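What follows is a short report on a single structure.
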Amino acid sequence: MAREVRLTGIVLHANAAPCFHHCRYCQLRTSKPRAVSFSGFEKLVNRFLDWRIVSGRPEFEVWPWYGNSHEHDEEMLLGLRSIGRRLGYESDVVLLGGVAHRSMPEMRAWLQERRAAGIDTVVATFSGDREKHDYWNNKEGNWQFQLDTLHLAADMGFRLQERVLLLRDNLPSLERLFDALDTVEAAERNRWAIPLFYSGRAKRLESQRLTEGDFAALPKRIRDSLRGDHEKWRSERRWVELVREEGEPGPEEISPMLRVTEENLAWAEPLSCDEIIAALEERWRAAYAAMPSRRELCDGYSDPQGDKVYMFLGQMEHLWLDRYLAKNPAGFDIRSTHFF
Ligand code: SF4
């Protein structure tokens with residue numbers, strides 16, 4: 001059955017922020033950014049935000065993304081903060097993932113610059129203790145750099161957020177990691193743990209994905225740190241049950257993605273926002289109409305006994321689609337879907 005879609009927004013997606021890490025679990029296909037002028041990106045985002053107002057479509061969602069890494073120069077930092085304010089973002093965080101290693105005096109100046117821009121929370125993601133983290137993060141010394149930066153940030157009065165990635169390989173090291181994190185005397189902090197995403201380079205790490213049994217066996221301290229939405233995570237078996245129960249869903253809500261490159265900025269420049277959306281809509285509708293439905297993927301390419309745990313249905317469906325594509329020609333433009 002052909003998929004029907006309903007457009008609810010647009011994603012303006014530029015993988016352009018410099019990233020100095022090469023995580024083996026990266027959600028992106030590549031951590032090598034593709035340079036895009038920030039001023040061109042910012043101008044495009046602001047065009048869409050202005051268009052939303054003048055066209056009376058405040059509900060149409062605009063999702064700008066300049067890259068995972070927060071290794072931003074001043075122009076990017078202030079520009080992204082300004083876009084965030086226009087979008088009503090409440091989050092005032094800076095991520096250490098992807099950031100170049102600097103000395104602690106340099107990091108103090110770097111954090112001060114961010115605080116002046118309104119940032120009050122420092123986020124560090126750990127994929128294990130010490131050398132275990134450095135292996136998965138694929139950058140020597142990153143565990144120590146992040147821990148030292150957390151101590152510094154706490155000393156400077158920032159809130160801390162410690163994110164922990166759960167892999168089968170790093171489970172035995174997590175109690176030691178938590179001990180080290182507990183030495184940071186932060187006035188305010190939260191800590192949460194999540195399993196792998198299913199996207200980008202992380203797709204190659206399915207052997208590291210935790211099963212229902214792994215979750216049940218987690219020490220209490222680790223289990224207590226699972227992110228607040230963990231009760232919605234499901235094993236493949238339970239996602240299959242859900243999809244079979246829901247039958248054929250109504251039209252899917254999608255936000256087509258404009259991949260922001262210098263070429264696409266030049267393409268979009270003379271077009272109105274309506275024309276850009278119309279061009280994307282045509283391609284994305286055609287791609288979704290030609291791809292197998294969720295139910296077809298579930299019936300033909302799921303493992304009804306699968307006990308590995310996925311956070312979202314979209315990720316589960318992505319795996320089913322990959323199994324489908326391993327056996328069938330695509331027959332649709334996968335670049336015009338959210339599964340690319
Ligand atoms: S820091 Fe983020 S973007 Fe860079 S490699 Fe790691 S996960 Fe990917």
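The values are calculated or read from the model by the stated rules, or taken from the named source; none is laboratory data. Bear in mind that the values here come from a model prediction, so they are computed numbers and not experimental data. Cβ: placed from backbone, ideal geometry, glycine included. Neighbour counts: every protein chain shown.
Residue by residue through the stretch 1-28, note down the ones that are closer than 24 Å to ARG52 by Cα, among the aliphatic types (A, V, I, L, M) and surrounded by fewer than 20 Cβ atoms within 10 Å (Cβ to Cβ).
Within the stretch 1-28, VAL5, LEU7, VAL11 qualify.
On the given criteria, is HIS70 crowded, with 17+ Cβ neighbours inside 10 Å and at pLDDT 95 or above?
Spelling it out, HIS70 is indeed crowded, with 17+ Cβ neighbours inside 10 Å and at pLDDT 95 or above.
So which residues in the stretch 217-235 are in contact with a helix residue (DSSP H, G or I) (Cβ under 9 Å, 6 or more places away or on another chain) and not in a loop (DSSP other than H, G, I, E, B), if there are any at all?
Scanning the stretch 217-235 gives ARG221, ILE222, ARG223, LEU226, HIS230, ARG234, SER235.
Need pairs with beta-carbon distance below 6 Å; first residue farther than 17 Å from ARG102 by Cα and of a type in the set (S, T, N, Q) and within the stretch 16-29, second more than 8 Å from the ligand (Cβ to nearest atom) and in a loop (DSSP other than H, G, I, E, B); sequence gap 6+ or separate chains.
Qualifying pairs under 6 Å: GLN27/PHE197; GLN27/SER199.
For GLU236, only one of the following conditions fails: (1) surrounded by 12 or more Cβ atoms within 10 Å (Cβ to Cβ); (2) under 19 Å from GLU175 (Cα atoms). What is its number?
Of the numbered conditions (1) surrounded by 12 or more Cβ atoms within 10 Å (Cβ to Cβ); (2) under 19 Å from GLU175 (Cα atoms), the odd one out for GLU236 is (2).
Of a type in the set (Asp, Glu), more than 16 Å from the ligand (Cβ to nearest atom) and surrounded by 13 or more Cβ atoms within 10 Å (Cβ to Cβ): does that describe GLU59?
So GLU59 fails the test.
Condition (residue is closer than 30 Å to ASP214 by Cβ and either outside any loop (DSSP other than H, G, I, E, B) or in contact with a helix residue (DSSP H, G or I) (Cβ under 7 Å, 6 or more places away or on another chain) (or both)) applied to the stretch 327-334: is it met by at least one residue?
Checked the stretch 327-334: at least one residue is closer than 30 Å to ASP214 by Cβ and either outside any loop (DSSP other than H, G, I, E, B) or in contact with a helix residue (DSSP H, G or I) (Cβ under 7 Å, 6 or more places away or on another chain) (or both).
Which helices (runs of 4 or more DSSP H) does the stretch 74-182 wholly contain that include 1 or more residues that are more than 14 Å from the ligand (Cβ to nearest atom) and among the hydrophobic types (A, V, I, L, M, F, W, C)?
In the stretch 74-182, 74-87, 104-116, 142-155, 174-182 are the helices (runs of 4 or more DSSP H) which contain 1 or more residues that are more than 14 Å from the ligand (Cβ to nearest atom) and among the hydrophobic types (A, V, I, L, M, F, W, C).
Please count how many residues of the stretch 246-278 are in a helix (DSSP H, G or I), within 26 Å of the chain's Cα centre (by Cα) and surrounded by fewer than 17 Cβ atoms within 10 Å (Cβ to Cβ).
Qualifying residue count, the stretch 246-278: 2.
Does TRP63 fit the bill of being assigned to a helix (DSSP H, G or I) and modelled with pLDDT of 95 or more?
No; evaluated as a whole, the condition is false for this residue.
Show the residue pairs meeting these rules: Cβ distance below 7 Å; 6+ apart or different chains; first residue within the stretch 183-208 and within 14 Å of the ligand (Cβ to nearest atom); second residue among the small types (Gly, Ala, Ser) and part of a helix (DSSP H, G or I).
Between residues of the stretch 183-208 that are within 14 Å of the ligand (Cβ to nearest atom) and residues that are among the small types (Gly, Ala, Ser) and part of a helix (DSSP H, G or I), the close pairs are LEU196/ALA202.
Yes/no matrix, rows are residues, columns are (1) farther than 21 Å from TRP63 by Cα; (2) of a type in the set (D, E, K, R):
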| site | (1), (2) |
| --- | --- |
| ARG283 | no, yes |
| PRO292 | yes, no |
| GLU296 | yes, yes |
| TYR301 | yes, no |
| VAL309 | yes, no |
| PHE312 | no, no |
| MET316 | yes, no |
| LEU319 | yes, no |
| ASP333 | yes, yes |
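Each row is one residue, and each column tells you yes or no for (1) small (Gly, Ala, Ser); (2) over 19 Å from ARG176 (Cβ atoms).
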| site | (1), (2) |
| --- | --- |
| ARG108 | no, yes |
| LEU111 | no, yes |
| ARG115 | no, yes |
| GLY118 | yes, yes |
| ARG130 | no, no |
| TYR135 | no, no |
| GLY141 | yes, no |
| LEU147 | no, no |
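Considering every residue within the stretch 39-53, establish whether at least one is acidic (Asp, Glu) and either within 16 Å of the ligand (Cβ to nearest atom) or under 30 Å from GLU140 (Cβ atoms) (or both).
Looking for residues that are acidic (Asp, Glu) and either within 16 Å of the ligand (Cβ to nearest atom) or under 30 Å from GLU140 (Cβ atoms) (or both), one finds none in the stretch 39-53, hence no.
Taking LEU297 and the conditions (1) among the hydrophobic types (A, V, I, L, M, F, W, C); (2) closer than 20 Å to LEU7 by Cβ; (3) in a helix (DSSP H, G or I), which numbered condition does it fall short on, given that it satisfies the others?
It fails just one condition, (2).
Within the group HIS21, HIS13, which residue is within 16 Å of the ligand (Cβ to nearest atom) and under 22 Å from ARG283 (Cα atoms)?
Result: HIS13 is the single residue among HIS21, HIS13 that is within 16 Å of the ligand (Cβ to nearest atom) and under 22 Å from ARG283 (Cα atoms).
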